[in-house]
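**Q** Please read through the structure below; I'll follow up with questions.
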Amino acid sequence: MSCITTTPRIFTIGYPFCGSGIGASGSDAAIAQVLGASATFRNLGGIDFDAEACADFEMLTGARALCADVTKLTPHALRAFWGPRSPDVLKGSAPCKAGSGLLPLEVANTPAYQAMNELMVVFSELFFEAYPDPETWPALAVWENVPSLLSAKRAARAVDRMLKTWTSRGYLFDVRVHDLGKEGGLPQKRRRLAIIFRNPKRCPVPVELPPEKPLRSVGDALGPLPWPDDPRAGPMHRSPRLSWANLVRLALIGIDWKDGRVPKWDWRDLPPRGQVVPWLRARGLWSVDVDASAVAKLEELLVGAPSQKRNEVHRRQPVQPWGEASPTVTGPGGAGLCGVQDARLGDIAMRTDNPGRHVSKYAVQPWTEASRTVTGAQQVGSGGPCAADPRILEAIAEKRAGRPGFMQVGLWDAPSATVTARTEATAGQSMGAVADPRLLEGLAEGRTGDNAARWKGRPGYRQVVPFDDASPTISARTTATSGQGPGSVADDRLLEHLGLGCECRNGFYGVLPWDRPSGTVTGSLQVDCGTAAVADPRGLPPERPVISLELALHLLAIGWEVPKGCLAPAILAPDGTWHRPLTTLELARLQTLPMTLNGRPLVLAGRSDRRWREHIGNGIPRDAAEAWGRQLLESLLRSSLGEGWRLCGNGQWVAPELHEGYAA
C-alpha cells in the first residue's frame, strides 16, 4: 500500500551567495513526487554584499535578502536572518572572477582576487559557528562555480580547504563538471563545476544528476521578443551602441564562402591583418565604385531630410505669419511659437490720415533738398536738425578729406613710402599695410597648380611619403607641419587600422547562428569578449535602414560613424541575415528569465546595462535550477520516507569521477 499525503513536505533552502538570485526562483518552483508523496522548497533568503543583486533576488523569488559582507557577518546575525534552525539545503555560488579563464592569471593571483576564492571557506566556517548542533546541520549543500576553479594556478587550494571543512564534519562529497544547458534544456551550453556535500545521517539516499534534455536553439528563445529598441520591451532591450567598425566586423563573420570551408561564426572568419583588402576582393566584397548618393540617402533616412515638414516640426525660434493659425502653445523650454509677422506695422508707419501725428519728430533732411525752418530746438527728436550726408565714403575711399597716405596699402613689388614716426594701418601719413601674396605659403598650404613654380618653401616641407617608398633623411625636426623631412605617410592599411583585422582568443566577436544553442552567458559578455551577437534571419526590422555590406565597408573606409542619437542601420550580411549584438533582455532570455514580470517588461535593479549583464551572467539559469531542485528534493523526500538507497533510471549516479571516494 503506497503512502499518500495530501500536504506536501516542505524543505527549507538558503542561499549564502545569492549572486543575482536568478537561479533561486527555479529551485523554489521545483516539486518532487515519490510514492504519492510530494515535496517542495521554502526559500529562507539569500545573502550578498551587492545591494542591487539583493534587490534582484527579492524581485525574482519573493524571498528576503540580507545585504552583508560575509567576512564581517557574525554568527548571531546569521541565526537572526535564517532562524534558530539551519536550512535543509544550502545553495551557493561564490564569486567566480578569480577562477574565470577570462581573467589574466597574474591578476587572478593578486590578494584581492584570492580573497574572493576564500569566501566559500570563510562562510562555511561561519555557518558551523552559527549552527553548532550536528543534528540540525543541512542535509545537502551545493556549491556552483566555473570549471576553471579547480585549476592549481587559480583556486585549487581554496577548493581543498572547502572540502576539508565539510568532510571533517562527516559529509560525503562529489566534485564534477557538468552541463547546465543539457540538464535544464536551455538555449545555451553552460559547463559548470558542482561540489555537492551530503549528510549521510539526514540524507542517506544519494543525489542523482538531472537527466539530459535536448538543447534549444537561440531563435527558439529570442523569437518571441520584439525587435531591439522596441519601447514596449523596456530599457533592457536597447541595442548596444557599438562603433561602426565593430558592426562591420560582425557582418563579416560566419559567412559561407562556398569554398568547402565550414563557417566558424566567430573572429576566425575575419580577414587577417595586412590582407584586408585582398581578402575582401577575393570574395567580391570590396568596391570603390560606391554611389555617393547612397551615403546621402542613408544620412537622410537616419537624421531626416531638410524638408519643409521637418523644419516645421523641429524649428527653433519660429515666426508665425499674420494670416495663419498659431501652432500649439508650449511651456518653458519648448520649441513652440515665439514670434509673429505683424502686418499692421506698415499701416502705422505709412498712414497719412492721422491729423495728430508729429511730422517733424526725428526728421532727417535729404542732402539735395532745402532745409526746414531753423527753430530754437536743437535736439534730434525735434525739428529737422539731421541730414543724410553722402560724403562719408568719399572721405574714406577717395581720400578727398583725408591726408595723403592715410590707410594706404603698399604693393608687394613696389618700394615703400617714407617711414614716419606713426605708421599704422589706420593712422599716420605713410602706408601701414601691404598686399602680401604669400598667404598660402604662410599657412603652409603650398600653391595652386598655376603658381607651383613660384613656391618659396623648403624642400621636403609638408611632404607625404608613399607607403612603398624609402624615406628621405630623418632630420632633427621632422613633423607634419615643419622641418625639412617628411612628416606624413600615405598609409594604405586604412581598413586594418580601422579594426577589421583581428588577433583574438576563441569566442571573441562571436556570432550565434539562429538555429543553434549559444555558449555560456558570462557576467561581462560584450561583442569583444564573447559570443554576444546573433545572425537574425527574421526579415528586415521595421523603421530601420537596411544597407548592403559593400556600402557598410565604404562608410568604414571614409571614417563614417552613426550620428549621435540615431539607431545604427542594419547591415545585410551575404548570408541574408542581420548580424547584430544581443540586447541585455535577450541575454536574460538565454538564461530562461521571463520577458515580463508582474505584467511589465523585465527590468533588473539599477540602470546600468553593464551591471544588468553582470547579474544575468552570474546567475544560475532558472530552468536548470529547477531541474537540480527536483533531484535534491527527491533524495530528501526518499530519505524522509525511510529509504536508504535509490534505483537510478538513467544510470547517472553521483559517482566518483575526478578522485576515488568523491561520491555523495
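**Q** Please work out which one of (1) under 26 Å from residue 604 (Cβ atoms); (2) at pLDDT 90 or above is the condition residue 80 fails and give its number.
**A** Of everything listed in (1) under 26 Å from residue 604 (Cβ atoms); (2) at pLDDT 90 or above, residue 80 misses just condition (1).
**Q** Collect the residues in segment 172-200 that are under 26 Å from residue 132 (Cβ atoms), in contact (Cβ under 8 Å) with a residue 40 or more places away in the chain and in a loop (DSSP other than H, G, I, E, B), keeping them in residue-number order.
**A** Selection gives 199 alone.
**Q** Counting only residues that are charged (D, E, K, R) and buried (at least 22 other Cβ atoms within 10 Å of the Cβ), which one in segment 53-104 is nearest to the chain's Cα centre (by Cα)?
**A** Here the residue is 56.
**Q** Taking residue 186 as the residue in question, decide whether it is touching a Ser or Thr at 6+ places or on another chain (Cβ under 7 Å), more than 30 Å from residue 85 (Cα to Cα) and crowded, with 18+ Cβ neighbours inside 10 Å.
**A** The answer is yes for residue 186.
**Q** Report yes if residue 232 is part of a loop (DSSP other than H, G, I, E, B) and either among the aliphatic types (A, V, I, L, M) or within 24 Å of the chain's Cα centre (by Cα) (or both), otherwise no.
**A** no
**Q** Which residues, counting only those in segment 519-546, are within 20 Å of the chain's Cα centre (by Cα) and either on the phi > 0 side of the Ramachandran plot or part of a strand (DSSP E or B) (or both)?
**A** 530, 533, 534, 535, 536
Yes/no per residue for (1) part of a helix (DSSP H, G or I); (2) surrounded by fewer than 22 Cβ atoms within 10 Å (Cβ to Cβ); (3) charged (D, E, K, R):
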residue: 566; (1), (2), (3): no, yes, no
residue: 576; (1), (2), (3): no, yes, no
residue: 592; (1), (2), (3): no, no, no
residue: 629; (1), (2), (3): yes, no, no
residue: 632; (1), (2), (3): yes, no, no
residue: 637; (1), (2), (3): yes, no, no
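**Q** While we're on this one: Identify, from the list 104, 84, the residue that is within 27 Å of residue 205 (Cβ to Cβ) and free of Cβ contacts under 8 Å to residues at least 12 places away in the same chain.
**A** 84
**Q** Evaluate the following for residue 626: is it under 17 Å from residue 62 (Cα atoms) and among the acidic types (Asp, Glu)?
**A** The answer is yes for residue 626.
The values are calculated or read from the model by the stated rules, or taken from the named source; none is laboratory data. In this text the structure is predicted, and so the values were computed from the model without any measurement. Every residue, glycine among them, receives a Cβ derived from its backbone with ideal geometry; neighbour counts consider all protein chains shown.
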